[in-house]
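Chemist: Below is a structure I'd like to ask you about.
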Amino acid sequence: MAARTIVTVDDREPCAQVIPHLLARPDCEVIVRRLPLGDYQVGGRILIERKCWSDFVVSIIDGRLFSQACRMAASPLHGFLLLEGSEEDIAATAMTREAIQGALISVSVVLGIPVIRSRDAEESAKVILFAARQVASVISGAVMRSGKRPKSKRGVQLHILQGLPAVGPVRAARLLDKYGTVEAVLTANAEELICVPGIGKAAAARIRWAVSEVPTSYTARC
């Protein structure tokens, strides 16, 4: 008999509809408690932040998205963003398509957090369990990921910052020394970035272009 997958759900997770679909699976055990990060932890290996499209848009506006994504990128767990909903849900938001694409690019390309789509709560539950099986099969098959992931917190932070345009090892170290955290670097404006030795106007502009979630011309409806 296959081992049961343990899914820990944050007690603040707003989408309670996912839980019944998980409980309906005989190979899944659900635990509800407060999680320090993410909405779901699976098998002690996977961290999932689930957002419907309306919450995704609000998280861009209030700044939660980048804060959550930075913390996920620094986590030792395999993390991904699960976006739930249909094309109609996307169209119902007042945010421009370009602003949404910019945020998705920043999360996936700059911070390295995979983004996975699901249609509804039932499919979200399937994605969560499928991800658990995939990771378990890779580990049991002794398939190693290429490259080495930094183990220290500073190493992880530097690794994340080097994903920004115009930022190599030296600039990443100077940015981290100046601001202390990845989140502080990502929220610094161009004038503040220029104060870091080695960061000129062109480099500052490219960094701000990469991490700016919303163009200044958009109008949001909350």
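The values are calculated or read from the model by the stated rules, or taken from the named source; none is laboratory data. These figures come from a predicted structure and were not determined experimentally. Ideal geometry is used to build each Cβ from the backbone, glycine not excepted, and the neighbour counts take in all protein chains shown. To get the accessible areas, we keep the full protein, side chains included, count just its heavy atoms, and leave off ligands, DNA and RNA. Shrake-Rupley method; radii C 1.70, N 1.55, O 1.52, S 1.80 Å.
Chemist: May I ask you to list the residues in the range 82-102 that are part of a loop (DSSP other than H, G, I, E, B), out of contact with any strand residue (DSSP E or B) (no Cβ under 6 Å at 6 or more places or on another chain) and buried (at least 17 other Cβ atoms within 10 Å of the Cβ)?
Modeler: Listed by number, the residues that qualify are Thr93, Met95.
Chemist: Only one residue in Glu84, Glu98, Glu49, Glu88 is among the acidic types (Asp, Glu) and modelled with pLDDT under 85. Which one?
Modeler: Among Glu84, Glu98, Glu49, Glu88, only Glu88 is among the acidic types (Asp, Glu) and modelled with pLDDT under 85.
Chemist: Looking only at residues that are part of a loop (DSSP other than H, G, I, E, B) and either aromatic (Phe, Trp, Tyr) or out of contact with any strand residue (DSSP E or B) (no Cβ under 9 Å at 6 or more places or on another chain) (or both) in the range 103-134, which one is least open to solvent (accessible area, probe 1.4 Å)?
Modeler: Leu111
Chemist: Do you know which residues across the range 39-64 are farther than 19 Å from Ala16 by Cβ and aliphatic (A, V, I, L, M)?
Modeler: Within the range 39-64, Ile46, Leu47, Val57, Ile60, Ile61 qualify.
Chemist: In a helix (DSSP H, G or I), surrounded by fewer than 18 Cβ atoms within 10 Å (Cβ to Cβ), modelled with pLDDT of 85 or more and not polar (S, T, N, Q): is that true of Ala203 in this structure?
Modeler: So Ala203 fails the test.
Chemist: While we're on this one: Within the group Glu13, Glu29, which residue is on the phi < 0 side of the Ramachandran plot, part of a strand (DSSP E or B) and open to solvent by 10 Å² or more (accessible area, probe 1.4 Å)?
Modeler: Being on the phi < 0 side of the Ramachandran plot, part of a strand (DSSP E or B) and open to solvent by 10 Å² or more (accessible area, probe 1.4 Å) holds for just one of Glu13, Glu29, which is Glu29.
Chemist: Any chance the range 62-81 includes a residue that's open to solvent by 40 Å² or more (accessible area, probe 1.4 Å), hydrophobic (A, V, I, L, M, F, W, C), in contact with a helix residue (DSSP H, G or I) (Cβ under 7 Å, 6 or more places away or on another chain) and within 27 Å of Leu164 (Cβ to Cβ)?
Modeler: Scanning the range 62-81 turns up at least one residue that is open to solvent by 40 Å² or more (accessible area, probe 1.4 Å), hydrophobic (A, V, I, L, M, F, W, C), in contact with a helix residue (DSSP H, G or I) (Cβ under 7 Å, 6 or more places away or on another chain) and within 27 Å of Leu164 (Cβ to Cβ).
Chemist: While we're looking at this one, here's another question. What residue, of Val156, Val138, Val185, is under 30 Å from Arg4 (Cβ atoms) and either at pLDDT below 85 or under 22 Å from the mean Cα position of the chain (by Cα) (or both)?
Modeler: Every option except Val138 fails the conditions.
Chemist: Of (1) out of contact with any Cys (no Cβ under 6 Å at 6 or more places or on another chain); (2) at pLDDT 85 or above, Ala210 satisfies all except one. Which?
Modeler: (2)
Chemist: Filter the range 33-59 down to the residues that are within 15 Å of His78 (Cα to Cα), assigned to a strand (DSSP E or B) and more than 15 Å from the chain's Cα centre (by Cα) and list them by number.
Modeler: Val42 - this is the single residue of the range 33-59 that is within 15 Å of His78 (Cα to Cα), assigned to a strand (DSSP E or B) and more than 15 Å from the chain's Cα centre (by Cα).
Chemist: Any idea which of Val196, Val143, Val170 is of a type in the set (Val, Ile, Thr), open to solvent by 40 Å² or more (accessible area, probe 1.4 Å) and modelled with pLDDT of 85 or more?
Modeler: Of the residues listed, the single one that is of a type in the set (Val, Ile, Thr), open to solvent by 40 Å² or more (accessible area, probe 1.4 Å) and modelled with pLDDT of 85 or more is Val170.
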